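Beneath this line is the structure, given in C-alpha cells, with notes to follow.
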Amino acid sequence: MQTRRSALQTIILAGVAGPSLLAGFPAVAEEVKSLKAAYKDDFVVGVAMNAAQIAGKDALGDSIIRAQFNSISPENCLKWENVHPEPGRYDFVVPDQYVAFGEKNGMFILGHNLVWHSQVPDWVFHDDKGDLLTRDALLARMQDHIRTVVGRYKGRIQSWDVVNEALNDDGSLRQSLWYKIIGDDYIAKAFQYAHDADPEAQLNYNDYSLVDESKRHGAVALVTKLKEQGIPVATVGMQGHYNLDWPSAELVDATISDFAKLGVKVAVSEFDIDVLPPATSQHTADVALNIKQNPTLNPYANGLPDRVQKQLAKRYGDLFDVFVKHRDVVNRVTFWGLTDADSWKNDWPVKGRTNYPLLFDRSGQPKLAYYAVIRAARK
Ligand code: XIL
C-alpha cells in the first residue's frame, strides 16, 4: 500500500478529465495509487516500450512508466528484423538500453519475440543463391539466433515470447515459412533452443484471438502436445487486442479457465481496446493487414466523446474484474503502448486514424479508464 503521494500521482489528481466524466469515481480520485501498487498482490502490470522511451527521448513517458508499471515489453526492438537485420550481424544497442531500463527500475523484463512470420527478414529463409533453405539449415539458423539473443540476456530477460502467432483462425498451424521448411516441430525446437540458452527463463506461446473457439481449441491442442513432449512452455500469452464489444467478459473468463486446466499460466500480453468502427469483420491482429482509410472509419479525429470515454472505462473495468478473478493463473497484464499517441492502433489496420485504446491520453494524463482499472483492484 502506498502512503506517500508521488509527483505523478499529484499530476494525476490535478489532471482528471473533468467532473462530469468522473461521476461515480470520486473515491478513486481521492485515493489514487499506481497500477503496479493496485495489483501488487495479483499480477505484474506491464507496458510495451517504444524506441523513444527506450532511448530516453520521452521523459514524461519514462516517468509514467517508472511510476505505474513493474514490467516492460519491447514493442519492436527485439524482433528479428531489428536485432538481427543481416546474416551474422546483430544490433544490440537498443535492446541493451531496454534491458538496462528494466533492471534499473527492478522490473519484470519480457523478450518479444524469437520466432514469428512477421518482422523477420526474407534472408532468414534463403541461402546465398536465393533458394529456400533446407530444414537442417533453417533449424541451425534458428538455433544460432535464439542462442545469441537469449544467451546475451540470460538471467536478465525473465520471460520470452518464444513463438508468436503460429495458429490460423481455424486452429490449424499457419503455413509460414517456418512451418513449410521445418515442419510442425519447429515450435518444439524453438522452445528447446530457448530453454537451452536460459534454463531459468519463463517461456511463452503468444497469439491473438485465442478467445475464438476454433483458435482456442488449436492453442489447447498445441500446448497439450508440447507439454506431453516435455517442452517447457510456462505461459500462454493472450495478446488481448480487443474492441468495445468483442470479446465478451464471459468469453475471456472461459478462455483463461481452459488454459489454466493445462497447467500453464496465462498472460494478457498485448492489451488494448480499440474504440473505432471495425474496419474488418475478422478478429485479427495480423500486422500485414492494411485497409484503405475512409472518414467513416475515423469518427473521433477531434476528440473522444464522453459517452465513448465512459464505455471504454466500463469495458476496461469489466475485463480487469475477470483478470482479478483469475489472479491465481494470470501472471501479467501488459498494455501494448503507454499513451493513446503511442498506440499502434492509430495506424493498424487502417493508417492515419485517431484511436484511444489505452489508459493514458495523448498528453500523458490518466483517462477515466485508468480509474476504472484502479477501482477493479479495490473490490
Ligand atoms: C506491432 C507494433 O506495435 C508496431 O509498432 C509494429 O509496426 C507492428 O507490430 N502482435 C504482436 C506485436 O505480437 O508484436 C505487434 O506489434 C502487434 C500485434
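The values are calculated or read from the model by the stated rules, or taken from the named source; none is laboratory data. Since the structure is predicted, the reported quantities are computational estimates derived from the model, not experimental observations. FYI the Cβ positions are ideal-geometry reconstructions off the backbone, even for glycines, and counts take in every protein chain you see. These area figures cover heavy atoms from the full protein model, side chains too; ligands, DNA and RNA do not enter into them. Shrake-Rupley method; radii C 1.70, N 1.55, O 1.52, S 1.80 Å.
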Can you list the residues, at least 5 places off or on another chain, whose amide H is less than 5 Å from the amide H of PHE108, using H built in the peptide plane? SER71, ILE72
Considering only Cα-Cα distances, which of the following residue pairs are longer than 29 Å: LYS40/LYS225; LYS310/LYS351; LYS40/LYS314; LYS33/LYS351; LYS36/LYS215; LYS215/LYS310? LYS40/LYS225; LYS33/LYS351; LYS36/LYS215; LYS215/LYS310
If one compares the long axis through the Cα atoms of helix 93-104 with the longest principal axis of the Cα atoms of the chain, the angle in degrees, nearest 10, works out at 50
Subtracting the Cα-Cα distance of SER281 and LYS154 from 0.36 nm times their residue separation yields 41.6 nm
Vicinal HN-Hα couplings computed from phi for the range 274-291 (Karplus, 6.51 cos²θ - 1.76 cosθ + 1.60; Hz; Gly/Pro x): 5, 9, 8, x, x, 8, 8, 7, 6, 8, 9, 10, 5, 5, 6, 5, 8, 9
Return the single residue from PHE69, PHE125, PHE191 with maximal mean-square fluctuation; model: Gaussian network over the chain, springs between Cα atoms under 10 Å. PHE125
Output the 0 to 90 degree angle, nearest 10, between the alpha-carbon long axis of helix 186-197 and the longest principal axis computed from the alpha carbons of the chain. 80
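Per residue, how large is the accessible surface of the range 113-180? Use a 1.4 angstrom probe and give square angstrom.
45
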Nonlocal amide H pairs with THR334, under 5 Å, H built at 1.01 Å: GLY46, VAL268, SER269, GLU270, PHE271
Amide H of PHE360: which non-local residues (sequence gap of 5 or more, or other chain) have their own amide H closer than 5 Å, using H built in the peptide plane? ASP340, LYS367
What angle, in degrees between 0 and 90 and rounded to the nearest 10, separates the Cα long axis of helix 59-68 from the longest principal axis of the Cα atoms of the chain? 90
Gained length - ASP96 relative to LYS325, 0.36 nm times residue gap less alpha-carbon distance: 78.8 nm
Between the range 119-187 and the range 190-264, the alpha-carbon center distance in angstrom: 18
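If you roll a 1.4 angstrom probe over the protein chains with everything in place, what fraction of the accessible area of the chain belongs to carbon and sulfur, to the nearest %? Intermediate results must be reported in sequence, preceding the final value.
On the way: 7820 of 15470 Å².
Carbon with sulfur: 51 percent of the solvent-accessible area.
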Applying the Karplus parametrisation 6.51 cos²θ - 1.76 cosθ + 1.60 with θ = phi - 60° to the phi angles of the range 323-335, what ³J(HN,Hα) value in whole Hz is obtained for each residue in order, glycine and proline being reported as x? 5, 5, 4, 9, 4, 6, 10, 7, 9, 6, 10, 10, 7
Size of charge dipole - the chain - debye, nearest 20, with Cβ of Lys, Arg +1 and Asp, Glu -1, no other charges: 1080
Looking only at GLY317, GLY61, GLY183, which one moves most when the chain is put into a Gaussian network model with springs between Cα atoms under 10 Å? GLY183
Cross-link reach list, lysines versus LYS154, counting only Cα pairs under 24 Å and skipping chain neighbours closer than eight places: LYS79, LYS104, LYS189, LYS227, LYS265
Could you work out the helix-only [θ] at 222 nm for the chain, with each DSSP H run of four or more residues adding -39,500 (n - 2.57) and the total divided by the number of residues, to the nearest 500 deg cm²/dmol? -11000 deg cm²/dmol
Pick from LEU262, LEU110, LEU359: which residue has the top mean-square fluctuation in a GNM of the chain where Cα pairs under 10 Å get a spring? LEU262
Cα lying deepest toward the dipole's positive end in the chain, options ALA37, VAL233, ILE256, charges on Cβ: ALA37
Take the chain, compute every pairwise Cα distance, and split them into 20 Å bins from 0; I just need the percent in each bin. 29, 59, 12, 0
Selection from TRP123, TYR242, LEU173, by position along the positive dipole direction of the range 35-378 (Cβ): TYR242
Once phi is turned into θ = phi - 60°, what whole-Hz ³J(HN,Hα) does the Karplus curve with 6.51, -1.76 and 1.60 give for every residue of the range 349-361, x standing for Gly and Pro? x, 10, 6, x, 9, 10, 10, 9, x, 10, 8, 10, 7
Pop a pseudo-label 7 angstrom from the Cα along the beta-carbon direction at both GLU200 and ASP41 and give the gap in nm to one decimal. 2.8
Using Cα pairs closer than 8 Å and at least 6 residues apart in sequence, work out the relative contact order for the chain, in percent. 18
Leading residue at positive end of dipole, the range 35-378 (Cβ point charges), from PRO74, VAL266, LEU319: LEU319
Excluding same-chain residues fewer than 8 positions from LYS325, which aspartates and glutamates have a Cα within less than 13 Å of its Cα? ASP41, ASP42, GLU250, ASP253
How far, in nm, would the chain grow between ARG307 and SER63 when pulled straight, counting 0.36 nm per residue and subtracting the alpha carbon separation? 84.9 nm
